[in-house]
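Colleague: The following block contains the structure, expressed as structure tokens.
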Amino acid sequence: MGTFVADLKFALRMLRRSPGVAAAAIMALALGIGANTAIFSVVDGVLLRPLPYPDSQQLVAVYRTSSRYGWQSSPFSYPDFKDLLAQNHVFENVGVWSDGDASLAGSGAPERVLTRVASSTLLATLRVAPVVGRNFLPSEELEGSDHVVLLDFQLALRRFGSAHEALGKSVRLNGVDYQVVGILPRGFRFDAPADVWRPTSTTRDIMQVRNAHFLNVLARQKPGVSDEVIAADLAAFSKYLTETFPDVYPASSGLGVRAEPFLAATVGDVRLQLLVLLGAVAFVLLIACANVANLLLARAATRNREMAIRTALGAGRARLVRQLLTESVLLAVVGGALGVLFAAWAMDALVSLAPDALPRAADVALDGRVLAFNGALAVATGLAFGLMPALAASRPDLHDALKDGTRGTSGGRGRLRNALVVSEVALSMVLLVGTGLMVRSFVRLRSVDPGFRADHALTLRISVPVADNNVTDADRARFVRFFGEAGARLQQLPGVTAVGGINVMPLSNNTPDALVEIEGFTPADKSDPPIWCQSRRVTGDWFAAMGIPMIRGRGFLPSDVATSPPVVVVNQAWVTKYSPDREAIGRHIREVSSTDKASPWATIVGVIGDVRGYGLDQPARPEMYWPLTQKNDRSSLMSLIVRTSRDPAAVAGAVRTAIADVDASQPIFGVKRLDDVVAESLAQRRFTLSVMLLFGVVALLLAAVGIYGVMAYTVAQRTQEIGIRVALGATAATVLGMVLRDGMKLVALGLGFGGAAAVALTRVASSLLWGVSSTDALTYAVIVALVAAVALLAIVVPARRATRVDPMQALRSE
């Protein structure tokens, strides 16, 4: 221990003697270690940290799949859920839920709240209990006994002052009183946010419909049950559904049921993006290490005499290496400490870049785990960049080093510095190629036509309250009347050119589908499954408000009311798939459900252009659009689109006033530009791209600094040689060309190695690209030119200095 303390004190003295070198090294390390710490904190919070439930590794999400329709994560119906409970042998508990919203009144001003309908088994599956009160009882899932709720802790605090005060009180949801029977724990989070939990009303009509798929399923596997056993059990269950209910799940549909760890289901597609960012920031740290290693090599050349004297006095090589490694680790630890400050700022910036696109953002924290990572990384980094300079410096040439006036360095150290420069260029090349590919991909994706005009349009959401969530014919008439009056009132506003509404907005990640029949359609194979199409309800002039082109036929007219013949509009993808050989206008289709098998036939009156409703990177699917006036089953929540000739934000206040004029009790939420809706659909890609761009710029600057440092040092070491060349007649252009040539040789080697590595490594992240190959020639050419240009600028400065060497002074100094 005493020897270590002595080494540490000596290291501090040596760093104080070279404050410039120490400061440069510490800043480079703080940047590299801090960036790695920030990204690790995000990766740890999102991917590595267990979910905040007891034994969360046993939780799995369960989905329906279909090889025929391409479903991978489809929800369940309530009858399917009950059968899963009865048929499975691998789960100790299963729960379901579905999210929505409601108008909350009582004990405070009315407000819109997020709601969750959940089975009484869901909290038990999570092994979470209310902090005050109790969970739902199974008997409270029956209609008439279901007027009970659980409240989020913060909502209880806001509305009642405390959790205990809220217990037993009543709240009014959509005009119906519910008794508060429990308060969820403070900070409890599950899936999307929810303020109020209600029990599933199992006796309602929709709960008896097997093809009404809207429930998410969570299960807790029994201890000791393997993934293979679960897969086999779920395969048997899907076979049971196919054989027992062939009208809903025919064998040709390729029905399957799969389980996925709930953590993986929660994280979703962001896993690969975060791992790519972690790899990218590791490259930044490696470049910083190469930079610092070059600094230490240059500094070691000035300490040849010191090392030779210590060796002559009996210091062994191991002793010298230990001393030099102590100095490098000290640099890294100081850099790591400063990196914590940088990481704290960067972590908040990363989360704020995409708060909605980053799942589990609330779990990202600069805690003990992250600080331990920072400390371990700092020590490992100090050893990594310090080992090569320490080994090189610990073998001084005693004869040359002890002669007065000797300057220079061994050829081995020069080759090592050159290798580090090549490595920096190669690492920068890989990182910048990945960044360039993502930029190209994002630009192409952003230029994709979504099928509608996003400019000059404002969108807002309105949820018309329904008493007890039980939609009656009177409610349906009220929906139609309200949205009709609201549309007419909005249409009168100055600058408004079109108004319309839809129950499910494009790019909302919601894909309501319906089983349909098509008159005169003959499947290519008689064993083909029933036809499923995406189904939307619209009101007003929605197609004009969205700027969706009408290819043939017409849209909906004011005369298309409940008493007139049913009509429907389909998109071009529907025509391509189901009516490729005949005119679609005039054909008849109808939706089919187990509760309404005699649904009337509707006539196709129009064909619209395709809308990329499920993401700009997803192809359009066959869609049907029905007028709300004729087909309004449960459409109490609508998104209105107001197209205007003015700035959409400028009419937002007038829009709110107009809705209040129709019905002041209707809550309005989600007011935003349609442009913002499109931008939000790319939030995850924009997050990854922004961070990659930042890392790419940092990597390029670090590489440029490294190249400049090596070339400046090389010029200084070759001062005598350059002086002799000038004395023998070499011109400034000759000297400049010599230095540039030597430097660009290293850059060319780095570009070659980096390009080969980029071809191999970018294939790993090819799924993050869209419309661009991982070997896109243009991207590689631009990055090669960029790195070469920056490297050339870094070499020019020391090269120009070499042209100004005075041969008399150079020779006299030797």
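The values are calculated or read from the model by the stated rules, or taken from the named source; none is laboratory data. Only a predicted model underlies this, so the values are computations on that prediction, with no experimental measurement involved. In this analysis, Cβ positions are derived from the backbone assuming ideal geometry, glycine residues included, and neighbour counts consider all displayed protein chains.
Colleague: Determine the pairs where a residue that is over 12 Å from Gly606 (Cβ atoms), located within the stretch 533-548, has a partner that is assigned to a helix (DSSP H, G or I) with Cβ atoms under 6 Å apart, the partner being 6 or more residues away or on another chain.
Modeller: Thr539/Phe483; Gly540/Gly487
Colleague: Only helices (runs of 4 or more DSSP H) wholly contained in the stretch 367-457 count here; list those with 1 or more residues that are within 25 Å of the chain's Cα centre (by Cα), within 29 Å of Leu761 (Cα to Cα) and modelled with pLDDT of 85 or more.
Modeller: Details: elements: 368-393, 398-401, 411-446.
In the stretch 367-457, 368-393, 411-446 are the helices (runs of 4 or more DSSP H) which contain 1 or more residues that are within 25 Å of the chain's Cα centre (by Cα), within 29 Å of Leu761 (Cα to Cα) and modelled with pLDDT of 85 or more.
Colleague: Consider the stretch 662-692. How many of its residues are part of a helix (DSSP H, G or I) and within 18 Å of Leu272 (Cβ to Cβ)? Outline the logic, then answer.
Modeller: Step one: list which residues in the stretch 662-692 are part of a helix (DSSP H, G or I), which gives 662, 674-680, 683-692.
When the remaining residues are screened for being within 18 Å of Leu272 (Cβ to Cβ), the result is 683-692.
Within the stretch 662-692, residues that are part of a helix (DSSP H, G or I) and within 18 Å of Leu272 (Cβ to Cβ) number 10.
For (1) free of Cβ contacts under 8 Å to residues at least 60 places away in the same chain; (2) surrounded by fewer than 18 Cβ atoms within 10 Å (Cβ to Cβ); (3) in the same structural domain as Met505 (by TED's automatic domain parsing), each residue gets a yes or a no:
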site	(1), (2), (3)
Arg415	yes, yes, no
Ala419	yes, yes, no
Val422	no, no, no
Val433	no, no, no
Leu437	no, no, no
Phe442	no, no, no
Asp455	no, yes, no
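Colleague: Of all residues being surrounded by 15 or more Cβ atoms within 10 Å (Cβ to Cβ) and part of a loop (DSSP other than H, G, I, E, B) in the stretch 125-141, which is nearest to the chain's Cα centre (by Cα)? Just the residue, please.
Modeller: Our first condition is that a residue be surrounded by 15 or more Cβ atoms within 10 Å (Cβ to Cβ); within the stretch 125-141, this holds for 125-126, 128, 130-133, 135-136, 140-141.
From the residues that got through so far, the ones that are part of a loop (DSSP other than H, G, I, E, B) too are 128, 130-131, 135-136.
On the way: Val128: 28, Pro130: 31, Val131: 33, Asn135: 34, Phe136: 35 Å.
Among those that are surrounded by 15 or more Cβ atoms within 10 Å (Cβ to Cβ) and part of a loop (DSSP other than H, G, I, E, B), it is Val128.
Colleague: Criterion first (farther than 19 Å from Arg800 by Cβ and either in the same structural domain as Asn294 (by TED's automatic domain parsing) or assigned to a helix (DSSP H, G or I) (or both)) does Leu701 satisfy it? Let's see the steps before the verdict.
Modeller: Working: farther than 19 Å from Arg800 by Cβ: yes; either in the same structural domain as Asn294 (by TED's automatic domain parsing) or assigned to a helix (DSSP H, G or I) (or both): yes.
Considered against the rule, which asks whether it is farther than 19 Å from Arg800 by Cβ and either in the same structural domain as Asn294 (by TED's automatic domain parsing) or assigned to a helix (DSSP H, G or I) (or both), Leu701 comes out as yes.
Colleague: Answer yes if at least one residue in the stretch 578-599 is within 28 Å of Ile462 (Cβ to Cβ), modelled with pLDDT of 90 or more and touching a strand residue (DSSP E or B) at 6+ places or on another chain (Cβ under 7 Å), and no otherwise. Quick ask: steps written out before the conclusion?
Modeller: Keep residues of the stretch 578-599 that are within 28 Å of Ile462 (Cβ to Cβ), which gives 591, 593, 595-596, 599.
From what's left, modelled with pLDDT of 90 or more: none.
Scanning the stretch 578-599 turns up no residue that is within 28 Å of Ile462 (Cβ to Cβ), modelled with pLDDT of 90 or more and touching a strand residue (DSSP E or B) at 6+ places or on another chain (Cβ under 7 Å).
Colleague: So, of the residues in the stretch 600-649 that are small (Gly, Ala, Ser) and within 30 Å of Ala474 (Cα to Cα), which turns out to be modelled with the lowest pLDDT?
Modeller: Checking each candidate, the answer is Ser635.
Colleague: Being in contact with a Lys or Arg (Cβ under 6 Å, 6 or more places away or on another chain), within 15 Å of Phe214 (Cα to Cα) and not in a loop (DSSP other than H, G, I, E, B) is the filter here, so list the residues in the stretch 64-100 that pass it.
Modeller: Result: Thr65, Ser74, Pro79, Trp97, Asp99.
Colleague: Right, next: Which of the residues belonging to the stretch 529-555 are outside any strand (DSSP E or B) and either within 16 Å of Arg453 (Cβ to Cβ) or touching a strand residue (DSSP E or B) at 6+ places or on another chain (Cβ under 7 Å) (or both)? I'd like the intermediate steps shown before the answer.
Modeller: Initially, the stretch 529-555 is screened for residues outside any strand (DSSP E or B), giving 529-530, 541-549, 554-555.
Correct list: Pro530, Asp541, Trp542, Phe543, Ala544, Ala545, Met546, Gly547, Ile548, Pro549, Arg554, Gly555.
Colleague: Looking only at residues that are of a type in the set (Gly, Ala, Ser) and at pLDDT 85 or above in the stretch 1-54, which one is surrounded by the most Cβ atoms within 10 Å (Cβ to Cβ)? Steps first, answer last, please.
Modeller: Here is the first cut: in the stretch 1-54, the ones of a type in the set (Gly, Ala, Ser) are 2, 6, 11, 18, 20, 22-25, 28, 30, 32, 34-35, 38, 41, 45.
Next, only the ones that are at pLDDT 85 or above stay: 28, 30, 32, 34-35, 38, 41, 45.
Working: Ala28: 25, Ala30: 23, Gly32: 32, Gly34: 26, Ala35: 25, Ala38: 29, Ser41: 26, Gly45: 24.
So the residue we want is Gly32.
Colleague: Has the stretch 72-82 got at least one residue that is more than 27 Å from the chain's Cα centre (by Cα), in contact (Cβ under 8 Å) with a residue 40 or more places away in the chain, over 17 Å from Ile206 (Cβ atoms) and in the same structural domain as Phe160 (by TED's automatic domain parsing)?
Modeller: Let us first name the residues in the stretch 72-82 that are more than 27 Å from the chain's Cα centre (by Cα), namely 77-82.
Next, from what is left, pick out any that are in contact (Cβ under 8 Å) with a residue 40 or more places away in the chain: 77-81.
With the extra rule that they be over 17 Å from Ile206 (Cβ atoms), the set shrinks to none.
No, that holds for no residue.
Colleague: If you take the residues in the stretch 481-525 that are within 21 Å of Arg590 (Cα to Cα), of a type in the set (Val, Ile, Thr) and more than 31 Å from the chain's Cα centre (by Cα), which one is modelled with the lowest pLDDT?
Modeller: Filtering the stretch 481-525 for residues that are within 21 Å of Arg590 (Cα to Cα), of a type in the set (Val, Ile, Thr) and more than 31 Å from the chain's Cα centre (by Cα), the one modelled with the lowest pLDDT comes out as Thr522.
Colleague: Something else now. What are the pairs, 6+ residues apart or on separate chains, where a residue within the stretch 114-140 that is in contact (Cβ under 8 Å) with a residue 24 or more places away in the chain has its Cβ under 6 Å from a residue that is of a type in the set (D, E, K, R) and part of a loop (DSSP other than H, G, I, E, B)?
Modeller: Close Cβ pairs (under 6 Å, with a partner that is of a type in the set (D, E, K, R) and part of a loop (DSSP other than H, G, I, E, B)) amount to Leu114/Asp195; Glu140/Asp146.
Colleague: Taking Ser98, is it at pLDDT below 90, under 28 Å from Ala231 (Cβ atoms) and of a type in the set (Ser, Thr, Tyr)?
Modeller: Values: at pLDDT below 90: no; under 28 Å from Ala231 (Cβ atoms): yes; of a type in the set (Ser, Thr, Tyr): yes.
The answer is no for Ser98.
Colleague: What are the residues in the stretch 737-774 that are in a helix (DSSP H, G or I) and more than 23 Å from Glu424 (Cβ to Cβ), if any? Write out each step before concluding.
Modeller: Of the stretch 737-774, the ones in a helix (DSSP H, G or I) are 737-761, 766-768.
Matches in the stretch 737-774: Gly737, Ser766, Ser767, Leu768.
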